[in-house]
There are 2 protein chains.
Amino acid sequence: MRKGEETRTRILDVAEAAVLQKGFGGTSIEELIAETGITKSGFFYHFRDKNELAKALLNRYIENDERIYDEIFSRARELTGDPLQSFLLGLKLLSELLSDLPNGHPGCLVATVCYYERLFDREIQETNRNAVLAWRRRFGLMLREIMAVYPPREPVDVDQLADMVSSVLEGGIVLSKTLKEPNTLAEQVLMLRTFVKMLFLPVVEMPRVSGGSAFHGSAEPH
Amino acid sequence: MRKGEETRTRILDVAEAAVLQKGFGGTSIEELIAETGITKSGFFYHFRDKNELAKALLNRYIENDERIYDEIFSRARELTGDPLQSFLLGLKLLSELLSDLPNGHPGCLVATVCYYERLFDREIQETNRNAVLAWRRRFGLMLREIMAVYPPREPVDVDQLADMVSSVLEGGIVLSKTLKEPNTLAEQVLMLRTFVKMLFLPVVEMPRVSGGSAFHGSAEPH
DNA sequence: CCCCTCCTGTACCGGCGGTACAGTTTTCAG
DNA sequence: CTGAAAACTGTACCGCCGGTACAGGAGGGG
């Protein structure tokens, strides 16, 4: 039946917004059913308990998150064949997407769950862990492609560099939310972009005669 | 009286550990008094309500946090006069301190409060905001000193770069906790160190004849 | 000795998560 | 159109928790 799915989605929508603002412990089921316009029995028809709500919420969030990254980086990939340029472009697109959010980033459920670990069962913690590992794999894959072509200026561990992307995003969200400066997150992503650019793009020798900024679309493979 | 302060501190200790594991909403006063060995009345003698507990908790956490950064970076400052080298050394010391934590970083209360905004009054949100701004000021000050001597290889905004330190720390904590990899946080700090090093340290021309890694303790002032 | 700090004990309130279960409406397949 | 399953509503109840109120007690310092 489709009506059920629709109600379920509405509950999840309301719950997600509430949880990102007040945490799981701060979000009451009563308030969710009030805003959704459903009864308590109706709520428990869809979710056995709060833990199952959290599970559904987190899974949906992660899926959506993955979808967004897929879109952004595949779009970037279409625009340029070079792995470094497409990664840099992806970060640019990501920062634009983030700065286009009208009220800033609402918060990351992965971080919320992280700061709530003891309230949930192992399954949900494992889901969360896998989400972060998926980020590591995703960015790690792209970075390995880059490193196959561009030797990094400094020796770096690929996984650690991949984690840096996640770190800056998660940290940027915290900063942005706390400071109430929606743009901080986007700026942090661009700062990360500068880092990646500096790490892989060969040193541009100051041109002696001809001006203009040299744009290296390709460089010597190693 | 000193006995009162002692009990208060004990409550705060227990509360801090609990809040970092379960969030504010997930931490019950009853569990705090059980673990502290105090009665409910005793608890409410020290704190009017949960909000005031949160306020005391956050203030104490921030003070301690500031103290740690003061120590680390003043120690680094004593060891070298160069602003860049002392900053890089500070990050090194910080990463060592973080990797020495036996069970990994327990979590940042600033982030916890950030993901709980709506549950607290404006005062506590303002306190949180100011804590992040203090970080920005602290790291910004050091970075400005660096930039007065070392021209950055890429144009960067000082405040954004200062925020990068906070971002990586906050994000690293989330990753470390979620992955249950205590060392990830320390690695992220070192990765940030690489970024700063690369940004400010002049390009090392590959030595044609003599080997060994050239370590630039000083460079030309701009 | 008294007062102030630092609690304990008891009783109570309302909100919330959760359970149980009976009954009703909606939806869709046959 | 029908019937059964899906998608709810309504009601009653439990125990935990945050919070309030207030009386009283131990213990130390002036």
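Quick notes
- In the condition set (1) farther than 30 Å from A:Gln21 by Cβ; (2) away from DNA strand C (no atom under 16 Å from the Cβ); (3) more than 14 Å from every other protein chain (Cβ to nearest Cβ); (4) of a type outside the set (A, V, I, L, M), B:Thr7 is compliant with all but (2).
- Verdict on A:Phe47 being in contact (Cβ under 8 Å) with a residue 60 or more places away in the chain, surrounded by 14 or more Cβ atoms within 10 Å (Cβ to Cβ) and of a type in the set (A, V, I, L, M, F, W, C): no
- Meets criteria (of a type outside the set (Gly, Ala, Ser), open to solvent by less than 10 Å² (accessible area, probe 1.4 Å) and either more than 14 Å from chain A (Cβ to nearest Cβ) or near DNA strand D (Cβ under 10 Å from one of its atoms) (or both)) for B:Leu58: no
- Residue match in region B:1-19 (condition: within 11 Å of DNA strand D (Cβ to nearest atom) and assigned by TED's automatic domain parsing to the domain that holds B:Lys177): no
- Of all residues in region B:145-168, those being at the interface with chain A (Cβ under 7 Å from one of its Cβ atoms) and either open to solvent by less than 10 Å² (accessible area, probe 1.4 Å) or part of a helix (DSSP H, G or I) (or both) number 7.
- Residue check: B:Lys92 meets all listed conditions (1) more than 30 Å from B:Leu179 (Cβ to Cβ); (2) away from DNA strand D (no atom under 16 Å from the Cβ) but one, namely (1).
- Residue in region A:174-194 that is surrounded by the fewest Cβ atoms within 10 Å (Cβ to Cβ), counting only those that are more than 7 Å from chain B (Cβ to nearest Cβ) and part of a helix (DSSP H, G or I): A:Asn183
- Checklist (1) under 30 Å from A:Ala18 (Cα atoms); (2) within 12 Å of another protein chain (Cβ to nearest Cβ); (3) part of a helix (DSSP H, G or I); (4) not aromatic (Phe, Trp, Tyr) applied to B:Pro106, failing item: (3)
- The residues of region A:91-119 that are touching a residue at least 24 places away in the same chain (Cβ under 8 Å) and either out of contact with any Leu (no Cβ under 9 Å at 6 or more places or on another chain) or not assigned by TED's automatic domain parsing to the domain that holds A:Thr194 (or both), listed by number, are A:Glu96, A:Leu97, A:Asn103, A:Ala111, A:Tyr116, A:Leu119.
- In region A:137-152, the residues that are hydrophobic (A, V, I, L, M, F, W, C) form Cβ pairs under 8 Å with partners that are open to solvent by 40 Å² or more (accessible area, probe 1.4 Å), at six or more places apart or across chains, as follows: A:Ala148/A:Pro221; A:Ala148/A:His222; A:Val149/A:Pro221; A:Val149/A:His222.
- Cβ-Cβ contacts under 8 Å between residues 6 or more apart (or on different chains), taken from a first residue in region B:30-42 that is over 14 Å from B:Thr9 (Cβ atoms) and within 12 Å of DNA strand D (Cβ to nearest atom) to a second residue that is open to solvent by 50 Å² or more (accessible area, probe 1.4 Å) and not in a helix (DSSP H, G or I), are listed as B:Ile33/B:Thr39.
- Within region A:19-29, being in contact (Cβ under 8 Å) with a residue 12 or more places away in the chain and within 10 Å of DNA strand C (Cβ to nearest atom) holds for A:Phe24, A:Gly25, A:Thr27, A:Ile29.
- Meets criteria (within 21 Å of the chain's Cα centre (by Cα), surrounded by 13 or more Cβ atoms within 10 Å (Cβ to Cβ) and within 23 Å of A:Thr127 (Cα to Cα)) for A:Leu12: yes
- Single condition A:Gln85 does not satisfy, out of (1) open to solvent by 10 Å² or more (accessible area, probe 1.4 Å); (2) farther than 25 Å from A:Val174 by Cβ; (3) more than 12 Å from DNA strand C (Cβ to nearest atom); (4) not assigned by TED's automatic domain parsing to the domain that holds A:Met147: (4)
- Only one entry of A:Asp65, A:Asp100 meets the criterion of being under 30 Å from A:Arg137 (Cβ atoms), more than 16 Å from DNA strand D (Cβ to nearest atom), at pLDDT 95 or above and open to solvent by less than 80 Å² (accessible area, probe 1.4 Å), and that entry is A:Asp65.
- When B:Glu71 is tested against (1) crowded, with 17+ Cβ neighbours inside 10 Å; (2) of a type in the set (D, E, K, R); (3) at pLDDT 95 or above, exactly one condition is not met: (1).
- The set of residues in region B:24-43 being loosely packed, with under 14 Cβ neighbours inside 10 Å and more than 30 Å from A:Leu20 (Cβ to Cβ) consists of B:Ala34, B:Gly37, B:Thr39, B:Lys40, B:Ser41, B:Gly42.
- Scan of region B:71-83 for residues that are assigned to a helix (DSSP H, G or I) and either closer than 13 Å to B:Phe139 by Cβ or touching a Ser or Thr at 6+ places or on another chain (Cβ under 8 Å) (or both), ordered by number: B:Ile72, B:Phe73, B:Ala76, B:Arg77, B:Leu79, B:Pro83
The values are calculated or read from the model by the stated rules, or taken from the named source; none is laboratory data. All of these numbers come straight from a predicted model, not from anything done at the bench. Neighbour counts run over all protein chains shown; Cβ positions are idealised from the backbone, glycine included. SASA here: full protein model, heavy atoms, side chains in, ligands and nucleic acids out. Shrake-Rupley method; radii C 1.70, N 1.55, O 1.52, S 1.80 Å.
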